[in-house]
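Presented below is the structure to which this report refers.
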Amino acid sequence: MTEVSLDHHSPKPKDPTRRDFLILTAGALGAVGTAYFTWPFIDSMNPASDVLAQSTIDVDLSPIPLGQAITVVWRGKPIFIRHRTPQEIKVAEQVPLSELIDPEKDQERVKKGHDQWLIVVGICTHLGCIPTGNKPTENRGKYGGWACPCHGSLYDTSGRVRRGPAPANLHIPPYTFLTTTKIRIGANEVNNG
């Protein structure tokens, strides 16, 4: 018969050693170092901020009939350009500021001498939906401007919010008149047209 010896002094599993700690630390530092040195190369593939800031588009206004609007895209955003009627301008100018959620005069939202042209970023200031109202067949809401189909915000013919939940008026992009019928969107605000 063979004797089986039970050795109560068998080696215990090894505790983490200093070597294991150094290997983990070196690996972590290597990963951080690699990320640190590769980030400038990855970041260099993005367009420079000065290129993004100066991106512009030119828009010919002459084909837009009175009372109609078009949508153009600038820097990935819809821009609404409306050729307002004298009646729309008159109504927008007569609205008491006390009735507005975000009080702003109509004259502050258009270029002097070009009151018939309203240029706004076509994104609702509530949650970023695209309001309807640029096409004659679309709902323009009670105030004749734009209506947000998502949560019911209404804007007037000056792009001012008249009924929420939108907290602010439609934003005005930077633009300038190059001629009486041509604008540049994205231009620096040096020339007020």
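The values are calculated or read from the model by the stated rules, or taken from the named source; none is laboratory data. Note that the coordinates shown come from a computational prediction; the quantities given were computed from them, not determined experimentally. When we count neighbours, we look across all protein chains shown, and the Cβ atoms used for this are built from the backbone with ideal geometry, even at glycine. Surface areas here come from the heavy atoms of the whole protein model, side chains and all, with no ligands, DNA or RNA. Shrake-Rupley method; radii C 1.70, N 1.55, O 1.52, S 1.80 Å.
Numerical summary
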quantity	calculated
Residue-level accessible surface for residue 93, protein heavy atoms, 1.4 Å, Å²	80
Theoretical FRET efficiency, 1/(1+(r/R0)^6), r = Cβ-Cβ of residue 132 and residue 72, R0 22 Å, to 0.05	0.85
List 112, 77, 135, ordered by accessible area with a 1.4 Å probe, largest first	112, 135, 77
Stokes-Einstein diffusion coefficient of the range 4-191, Kirkwood radius over Cα pairs, 25 °C, 0.890 mPa s, in µm²/s	120
Loop trypsin sites (Lys or Arg not before Pro), the range 133-173, which have at most 16 other Cβ atoms in a 10 Å radius of their Cβ (DSSP)	142
By accessible area with a 1.4 Å probe, ligands and nucleic acids excluded, highest first: order of 157, 34	34, 157
Around residue 182: net Lys/Arg minus Asp/Glu count, Cβ-Cβ under 9 Å	-1
Ranked order, 62, 55, 153 - accessible area, probe 1.4 Å, largest first	62, 55, 153
Charge dipole (the range 4-191, unit charges on Cβ, about Cα centre) - positive-most of 120, 164, 97	164
Length-normalised contact order of the range 4-191 in % [C-alpha pairs under 8 Å, at least 6 apart]	19
For the range 129-140, Karplus couplings with θ = phi - 60° (6.51, -1.76, 1.60), whole Hz, Gly/Pro x	6, 9, x, 8, x, 7, 8, x, 7, 8, 5, 9
